[in-house]
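The values are calculated or read from the model by the stated rules, or taken from the named source; none is laboratory data. Keep in mind that this is a model prediction, so the values were computed, not measured. So basically every Cβ, Gly included, is an ideal-geometry build from the backbone, and we count neighbours across all protein chains shown. With ligands, DNA and RNA removed, areas are computed over all heavy atoms of the protein, side chains included. Shrake-Rupley method; radii C 1.70, N 1.55, O 1.52, S 1.80 Å.
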Protein chains: 4
Amino acid sequence: MIQMTLIQIDNYGPWTVTPRPRRESDLQRLQAQLYADLNSMMGMKKGLVFYTRFDNLLAVTNGLTEEDHRRIQISIRNRYPFTVSMGVGTAETPHEAQKLATIALQKQGGAQSSDRKEILAIDSLADDDGSYLQMAHIDINSCTDTLTDIESAFDTNFLVNKAQHYLMTKLIKKGALLFFIGGDNFMAPCNGLTEKEIEDILIEIDEEIGIGLKAGIGRGKNVEDAAYMADIGLEEIRARGNDMWIYVVEKEY
Amino acid sequence: MIQMTLIQIDNYGPWTVTPRPRRESDLQRLQAQLYADLNSMMGMKKGLVFYTRFDNLLAVTNGLTEEDHRRIQISIRNRYPFTVSMGVGTAETPHEAQKLATIALQKQGGAQSSDRKEILAIDSLADDDGSYLQMAHIDINSCTDTLTDIESAFDTNFLVNKAQHYLMTKLIKKGALLFFIGGDNFMAPCNGLTEKEIEDILIEIDEEIGIGLKAGIGRGKNVEDAAYMADIGLEEIRARGNDMWIYVVEKEY
Amino acid sequence: MIQMTLIQIDNYGPWTVTPRPRRESDLQRLQAQLYADLNSMMGMKKGLVFYTRFDNLLAVTNGLTEEDHRRIQISIRNRYPFTVSMGVGTAETPHEAQKLATIALQKQGGAQSSDRKEILAIDSLADDDGSYLQMAHIDINSCTDTLTDIESAFDTNFLVNKAQHYLMTKLIKKGALLFFIGGDNFMAPCNGLTEKEIEDILIEIDEEIGIGLKAGIGRGKNVEDAAYMADIGLEEIRARGNDMWIYVVEKEY
Amino acid sequence: MIQMTLIQIDNYGPWTVTPRPRRESDLQRLQAQLYADLNSMMGMKKGLVFYTRFDNLLAVTNGLTEEDHRRIQISIRNRYPFTVSMGVGTAETPHEAQKLATIALQKQGGAQSSDRKEILAIDSLADDDGSYLQMAHIDINSCTDTLTDIESAFDTNFLVNKAQHYLMTKLIKKGALLFFIGGDNFMAPCNGLTEKEIEDILIEIDEEIGIGLKAGIGRGKNVEDAAYMADIGLEEIRARGNDMWIYVVEKEY
């Protein structure tokens, strides 16, 4: 089971333009700080946050308790000009888990409701025994040589975004998610997908848009362990000359 | 003329996996801090940075001198476990400016070359008289009501990413760029595009994928002013009940 | 028993001037970020860090395990241009605990040894049953009215520093410590001191240098709880018109 | 002439305990972030901030205009749960400059007045021609060998604080200021003091409390340059075997 948390800044949109639009570089700093900060706090408990839309962030949070979530909300309130609400859901697939988390929070009021403030809406928490994660760390083959060092920075960015969009489109249909994590790297919570299904998606994208991808697949009891195993898998593929689509590593406890 | 800066972390990919893969939550914090930090330093000079790929960041930097860039590089070296190289280019269109910036830097060595370190490669700088920016702040109509408060968090994220991908695809052909800036918001440096061209792109996207967009368009001598004018434009459209595609505001000096 | 951790930046002094002195505003940012960051990570486990000398920081860490310390060291290594070593000690008094922590670390090499790197030297850890903390939150009576709003900023700062120096001098003799925590506030880990001893110190300082102080004294199983109880104690004194020297609050579990 | 800015968090004390005392580790993070942040923003304009009391910070700001100060205030408002007010003063001596800055701000209302909010009270600004700074970077001789590596961390801290208190006491009488900047280092804005006066203070402290100090003295048109020259002076003394009290370096433009 994967436990996911939706972190939503309360009533953020209206705040950004009240009394008049706030300086964009300040908003970018603020959003990036919140993102870094959540990864600091959740990271201490072996969780991992994805920036998602910056004002709505999805995190994999197996191992984080209700109290942990509450402490993080209070810490944000104590240091930011806004509060955050959270929804938590647990399910067999990542898509279902974030959906339960979202629904739990939506029931408490809208994102731009001025009444809803610092809600912690828990649909379900994963217990220690039931926690299990499969994460795929996907990157583009030879991105530096074939793109970064040759194409313009934005054109490379465009192709990375294109790969992201195609990956998202295909993974979402299987109940998996995909997040961009910088460079030419993506992280996909993909509990429930078989190795074959993941490999097929990479092959399809290569055929459709000519972008070669590979995936380290990691499994563990928390997202830190699973993501680390996925990194190791990716290193294994590189060590073998990039002639494999996927490599699976399971954390032994 | 728009001046753009490419900021590239030197030899970052190899560093992230040496001697073994580094913890993902730490890397996300580090990247987000760098992004926030660059916006802090460039923001003090009325520049604006986009996270782009996090290890390769594009910024609009009219008003920032060679010395300003150098100071920022030194400050990064003093506080981070890596250095950054930069390329700077100036042109009539944003795409051309970032291309010149990229080429200037590429000439000095590859992104993963261990020899290249803290290069500042300036193709061209905009002078005060020649500085002129057109920025479009684009958002999705009624995103909170129709997506955030109804769909699952990831599904909303997926649709926002879809809008981003379609916008990028169309804008890049016109020499413009597009960056996601959080929520349902995009910022497009778009010097050289006519109002008609921008409006047509929004109409096309509405017809093709059914996502309704609007754009505040701002013009000024630096990106802070132009982005702020774009924000004002967006507010104007909202004040008029969202029944316009675009609204242009020009900064008066 | 109080558990204290000494965090020491490895070989920091030489680094700050190599190859030539680094910009002071950058060093201040770096040191402040490290301090904030350690409080973020240790705070998630209910620890509390004091800035002390910024390159040598003392923390009260009851509840933090060896693995917690190690994780924090790795996270620093992953995001800073330096590493940190740590010593951990546990004792009946704060002074003895930090002394054991220091000795454990000193045994592993000097602060400016280029050989010593990311050492974790544990003399002793407090177990859950043995953890007990007494913290005094001390402030200056009517500081805003009688100093901040009347004297020059530096003169007020000077008087606060004077109070700090007198408090440190007296507390250290009793095996207690004192840290400035901003404003006109001090935090004293003071396991083993009686209420009478604390009150006497405050009375002596009033008589010797005419600075009126009060102290909320808190007790608990971790420093977060004990410090919070101390805050509540201080609020109690304020609620009673500041006519008491001390007020003790014990956390109930 | 030295230009100094007092940055004061508006109504901070009451906020820290409303509705009940906030978690201490959060407050320490918040204060340290503000300090780092101000150094980031002021540092971009070659200013330098000292943490002072964390809720009241003194900065040397020659070169920063009224607009620069205003931009920083707005940026704080946009990212923190509070606002800051500022006072600015310029004078022949640092003590007089910060006094003028303080008075200008005090006239606008008390630090804990809920009415006073984001005031920018400018008594006087230094112009480019009139800007001149003398900064002394003072450290303790052989601190690592004789203290850090031998004494307990808190005992070393105590002696550093003792040196600070004696330095402050003597410098304030001459119209100079002193700030602790980490490790065994102090920075003294000391416009108007002769080399002989500075040397005499160091000799007196050696005689009175047996702590050997040395000072690099730097002069320049802004605090970044002057502090850097002071660093160079300190390096010169070290290169000569620490057998000098002071060494003066003047920035050439």
Seminar exercise, completed: (1) part of a helix (DSSP H, G or I); (2) within 9 Å of another protein chain (Cβ to nearest Cβ); (3) surrounded by fewer than 24 Cβ atoms within 10 Å (Cβ to Cβ); (4) of a type outside the set (A, V, I, L, M, F, W, C) all hold for B:Q98 apart from (3)
Exercise. Just a yes or no: is a residue in the range C:153-160 part of a helix (DSSP H, G or I), over 20 Å from C:E236 (Cα atoms), open to solvent by less than 20 Å² (accessible area, probe 1.4 Å) and more than 10 Å from chain D (Cβ to nearest Cβ)?
Worked result: no
Exercise. For the subset of the range C:6-25 comprising residues that are without any contact (Cβ under 8 Å) to a residue 40 or more places away in the chain and among the polar types (S, T, N, Q), which member is nearest to the other protein chains (Cβ to nearest Cβ)?
Worked result: C:S25
For this session: State the number of residues belonging to the range B:65-85 that are within 8 Å of another protein chain (Cβ to nearest Cβ) and of a type in the set (G, A, S).
Result: 1
For this session: Being surrounded by fewer than 17 Cβ atoms within 10 Å (Cβ to Cβ) and more than 12 Å from every other protein chain (Cβ to nearest Cβ) is the filter; apply it to the range B:102-123 and report the residue that is nearest to B:G192 (Cα to Cα).
Result: B:E118
Problem set entry | Test: C:G192 is over 19 Å from the mean Cα position of the chain (by Cα) and open to solvent by 10 Å² or more (accessible area, probe 1.4 Å) | no
Problem set entry | Hey, A:I181 open to solvent by 50 Å² or more (accessible area, probe 1.4 Å), of a type in the set (A, V, I, L, M, F, W, C) and within 30 Å of A:E67 (Cβ to Cβ) or not | no
For this session: Would you check if there is a residue in the range A:46-53 being within 7 Å of chain B (Cβ to nearest Cβ), under 13 Å from the mean Cα position of the chain (by Cα) and more than 22 Å from B:R23 (Cβ to Cβ)?
Result: yes
For this session: Could you figure out which of (1) in contact (Cβ under 8 Å) with a residue 60 or more places away in the chain; (2) open to solvent by 10 Å² or more (accessible area, probe 1.4 Å); (3) not in a loop (DSSP other than H, G, I, E, B) isn't true of A:M86?
Result: (2)
Exercise. Hey, does the range B:124-140 have a residue that's open to solvent by less than 20 Å² (accessible area, probe 1.4 Å), more than 21 Å from the chain's Cα centre (by Cα) and either modelled with pLDDT under 95 or facing another protein chain (nearest Cβ under 10 Å) (or both)?
Worked result: no
Exercise. If you go through the range A:161-178 one residue at a time, how many are more than 8 Å from chain B (Cβ to nearest Cβ) and either of a type in the set (D, E, K, R) or buried (at least 20 other Cβ atoms within 10 Å of the Cβ) (or both)?
Worked result: 8
Exercise. Where residues in the range B:171-202 are part of a helix (DSSP H, G or I) and of a type in the set (A, V, I, L, M), which of them is nearest to B:W245 (Cα to Cα)?
Worked result: B:L202
Exercise. Considering A:T61, A:T83, A:T65, which residue is in contact with a Gly (Cβ under 7 Å, 6 or more places away or on another chain) and of a type in the set (V, I, T)?
Worked result: A:T61
Exercise. Do we find that B:L105 is in contact (Cβ under 8 Å) with a residue 40 or more places away in the chain, in a helix (DSSP H, G or I) and not basic (K, R) in this structure?
Worked result: yes
For this session: Look at the range D:203-248 and say how many of its residues are in contact (Cβ under 8 Å) with a residue 24 or more places away in the chain, surrounded by fewer than 17 Cβ atoms within 10 Å (Cβ to Cβ) and in a helix (DSSP H, G or I).
Result: 4
